[in-house]
Each structure stands twice: as structure tokens, then as C-alpha cells.
1. Quick one: which residue in 255, 261 is buried (at least 23 other Cβ atoms within 10 Å of the Cβ) and within 16 Å of the ligand (Cβ to nearest atom)?
2. When you scan region 340-362, do you find a residue that is within 13 Å of the ligand (Cβ to nearest atom) and on the phi > 0 side of the Ramachandran plot, even just one?
3. When only residues in region 105-131 that are touching a helix residue (DSSP H, G or I) at 6+ places or on another chain (Cβ under 6 Å) and not in a helix (DSSP H, G or I) count, which is surrounded by the fewest Cβ atoms within 10 Å (Cβ to Cβ)?
4. Could you grab the pairs with beta carbons closer than 9 Å, sequence gap of 6+ or different chains, first residue in region 369-390 and within 21 Å of residue 261 (Cβ to Cβ), second one away from the ligand (no atom under 15 Å from the Cβ) and of a type in the set (D, E, K, R)?
5. For region 15-42, how many residues are open to solvent by 50 Å² or more (accessible area, probe 1.4 Å) and in a helix (DSSP H, G or I)?
6. In this structure, is residue 375 within 15 Å of the ligand (Cβ to nearest atom) and among the acidic types (Asp, Glu)?
7. Taking the conditions exactly as written (assigned by TED's automatic domain parsing to the domain that holds residue 144, aliphatic (A, V, I, L, M), part of a helix (DSSP H, G or I) and touching a helix residue (DSSP H, G or I) at 6+ places or on another chain (Cβ under 7 Å)), does residue 231 satisfy them or not?
Amino acid sequence: MSRAFVELPVVDHAANAARFNADAERTGWHDAALWHVRRKRDQAASAVPEWEALRELASQIKEHTLSRLDEYLVAFEERAAANGVHVHWAADAAEHNRIVHGILELRGVRRMVKSKSMLTEECGLNPYLEARGIEIVDTDLGERIVQLAGEAPSHIVMPAIHVKKEEIGALFHERMGTEAGSTDPQYLTEAARQDLRARFLEADAAVTGVNFAVAETGGFVVVTNEGNADLGAHLAPVHVACMGIEKLIPKAEHLGVFLRLLARSATGQPLSIYTSHFHRPAPGRELHVVLVDNGRSDQLDRADFRASLKCIRCGACMNTCPVYRRSGGHSYGSTIPGPIGSILTPGFDLEKYAALPFASTLCGSCSDVCPVKIDIHQQLFAWRQVAAREGAVSRSKRRMMRLVGRVFGRPAWYRGAGRLARGLLRSLPRRLLYSRGNVWGRSRELPEAPRHSFGDWFDEHRGNR
Ligand code: SF4
């Protein structure tokens, strides 16, 4: 099984990706599986004639919400409180964890079920509560797999996409006593279902994430394919919903826009299987909402990067990204990996995550598929400039960039460098071409050098000579 990312002071995406790439077979099917999901997304999107209009509308609704986020948050709090919901505010991850623990401790909770929530991953809620004697069971199947394996999710929608079914079979055999050697997905899923069912019934509390919260009504929506959030929230006497403050939308009528975009972008489904609306606690139960900032206000302040807060966490930018598909989610060393993670995380800690904006070809495919039209590749480019300006880029990379900049800025140098490279590619012995100094050649075959550049060919055929 691929190893979870090792927490380091500085994320070295290239080194982490090289570890993932060492298993060529895994890299191949990881790439293919995600590309399959990307194609399903394309088919689903092309079946909706007004798809582009929906994207534009969603983008504008989010833009508007972010411009008046403070007002909408207060409106949400007032309506939710009037509905009997306890609303809490957390400035950062530590406060979020303290609040959730406080709620659970007061009610004597010892066992808790949790549906998929990237926010609680971001805040490190599981280890925090486990250290205080509370048992947490992740109930999304993918999350349960990575929890049992002691790993972090590698994708925000498909947390265990990096794990082979043979590995899941071995893991379930060891942890749940399933038949040795069984890799049948249906059998393994049924075993997990039975195991989880007992834990749902035993739980004293349920924690869920929030996909959308509606300022107008004080209600919120949780979307799943497995119904695990509903089962947890409806069986346990206490439901705690944790949400980043950017999850807000102004009105209930806006939900349709986002729900039509979310599932199609995420998995190519017209709609997720369960779309559950929560407004008030059931009689005799408690419902809490924790509104978490944890760096989001700072991101809102950054004009070039505030649009990243429009994200509805569909994962489409990951599925389409050629770098993500071939380097795996753990290589990013952040809770949210892939293109969107690479524009969110430098805002948390530029020094630690400075490598991430460079983990991109800047092909722009992420921006093209994003259902809320975030200019992801532009922001990746902008973060590179910030990282260079702030000295968060290594000296050797800065030197190399300066040199390449000079060559690119002088057509004669550029043509000369091209001629030299083509000549060397043709004449140098393989031993030298693929020496240790050539990092590109370490994991790929270099292209066959053409005799002439495209520019030469173009000039010749345009008759400019
Ligand atoms: S940035 Fe866009 S494509 Fe990526 S997860 Fe967020 S909403 Fe989806």
C-alpha cells in the first residue's frame, strides 16, 4: 500500500511524486481511473444544454456571497438559532476542535460516527478527539478504508482512490476478519456495511460536514452517495455539523444551481444519491453547527486568490489534472490536494507549500472543468510569483528561472539554445543523456530530436525566407 504523506516542514512534491511513481502499475491505473471519472463528467455536462450558463450563474452567486459574507453569516446564525440550532464560531482549527470536544464531553460521548468532511481533516479532529478518549469511526467507505489503513484521504471525493482492491481485501481481512484473499468489491463492501451498521447503532453522536448552508433559512445540505451522513445524524442524539464559512449561499432557490453542477462535476452522476436538508433538531435531539474560519478570512483579503473560496469541492480539477493523476493525492502533503489545494494551501503557510503552485503544467484544464469557474491556473501562476517574491523558492530554482527567462526573452538566444539542444539530443551517447544530472530523463524517454524547429518549418512554409 502506498505510504501516507510524511509530515515535513516543507512539502517536496517532486520527491513525494517520485515515491508514488516508483509503483508504475499503481500510477497507471490511478491515472486511468481518474481519467474515466473525468470522461463521465464530460458526458454528464454535455447532456445539459445550459451547462455553461449554470457555471456562470454559480460563479456569480458565489462572487456575490463572498462580497457580503459577513452579512450572510450573521443572517445564517440568526435563522439557525431561531430554528433551535446551536451555532458556534471557530477562528481556527484549534478552536474548532475544542468546541467539538466541549460539546461531546458535556454529553458524555465516548463513541462517535463521522461522515466525510474535509474540514475536520483540515482541523485534525480525529487525532484530537482520539487523544481524549473518544472513538471515532469514519463511515464513508473510502474514508473508512484510509482510516483503517492509518492514512490520510488522497482525494476529496474518492478518498481511497489510490488503494488497490487487493490491498483493501488484505486490510479488511486483518481488521474485520473477512475471508483471506477475497478481492470481490461487492463482498468487501457488504462486510464494511455490516461492520459500520453496528457502529451507527452504538454511536452517541454524529459529526458531518456541510456542502451548502443557506443564509435565508438557517438550514444546510449534506450530500452523500452512501446515506451515511443521514443514518449517523438521525440515529445519534447529538449531531454536530462542521462547515467552513465559505460554504454559505444566500437563498434556498440557489441550491438547484449548485446541486446540478456538483454531482455531474464530481462523478458524472446527474445528482448525488442522498441530498439531505437539515433545518432544526428532531424533538429531544441536539443540532450544532460550527462555523470555521481557519485562514479563510485571510484568503478573502487576497484579491488575486479570493475566488478560490468559491470552491464546492467537486474534485473535477483533480480528475483532469495530468500532474495529480500521475503523482497521487498524498504527494501534495496537504488536506486538499491537486490544483485547488495548490492555490488554497500556500495561503496557510507559503514556506511549507511553496512547491505546490509549481506542481502544474499550467495547461488550464482545471479552470475549464471547474463548475464555479475559478481561474485556477491563473492563481497557480500568481502564487508562483508570490513565492519567488517572498523568497520561498530555492536559490537554484530562482537562478534557473532567471536563466530561462533571459533565453526566452531573446529570440536569437532561444533559437540558438534550441539548435544546441537538438544537436546534443542527437549526438550525445545515451549514457550521458540519461545521467543523474538529467532529472527529466530519470523517469521518461526524451523525445527524438527533429532536424529543424517548428519556427524553421513555419518560416519555410510561409515563404518568409
Ligand atoms: S476548484 Fe472547482 S473543480 Fe476544483 S474542486 Fe473546487 S469546484 Fe471542483
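The values are calculated or read from the model by the stated rules, or taken from the named source; none is laboratory data. Everything numeric in this text was worked out from a predicted model, so none of it was measured. When we count neighbours, we look across all protein chains shown, and the Cβ atoms used for this are built from the backbone with ideal geometry, even at glycine. Heavy atoms of the whole protein, side chains included, go into the accessibility calculation; ligands, DNA and RNA do not. Shrake-Rupley method; radii C 1.70, N 1.55, O 1.52, S 1.80 Å.
1. Numbers: 255 fails: buried (at least 23 other Cβ atoms within 10 Å of the Cβ).
Result: 261 is the single residue among 255, 261 that is buried (at least 23 other Cβ atoms within 10 Å of the Cβ) and within 16 Å of the ligand (Cβ to nearest atom).
2. Looking for residues that are within 13 Å of the ligand (Cβ to nearest atom) and on the phi > 0 side of the Ramachandran plot, one finds none in region 340-362, hence no.
3. Looking at residues that are touching a helix residue (DSSP H, G or I) at 6+ places or on another chain (Cβ under 6 Å) and not in a helix (DSSP H, G or I), I get 111.
4. What qualifies is 378/304; 379/304.
5. Taking region 15-42 first, the residues open to solvent by 50 Å² or more (accessible area, probe 1.4 Å) are 18-19, 21-22, 24-25, 29, 32, 35-36, 39-40.
Those left that are additionally in a helix (DSSP H, G or I): 18-19, 21, 24-25, 29, 32, 35-36, 39-40.
Residues meeting the conditions: 11.
6. Numbers: within 15 Å of the ligand (Cβ to nearest atom): yes; among the acidic types (Asp, Glu): yes.
Spelling it out, residue 375 is indeed within 15 Å of the ligand (Cβ to nearest atom) and among the acidic types (Asp, Glu).
7. Details: assigned by TED's automatic domain parsing to the domain that holds residue 144: yes; aliphatic (A, V, I, L, M): yes; part of a helix (DSSP H, G or I): yes; touching a helix residue (DSSP H, G or I) at 6+ places or on another chain (Cβ under 7 Å): yes.
So residue 231 fits the description; yes.
Residue by residue, here is whether (1) of a type outside the set (Gly, Ala, Ser); (2) more than 30 Å from residue 320 (Cβ to Cβ); (3) not in a helix (DSSP H, G or I) holds:
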| residue | (1), (2), (3) |
| --- | --- |
| 351 | yes, no, no |
| 371 | yes, no, yes |
| 416 | no, yes, no |
| 422 | yes, yes, no |
| 432 | yes, yes, no |
| 435 | no, yes, yes |
| 446 | yes, no, yes |
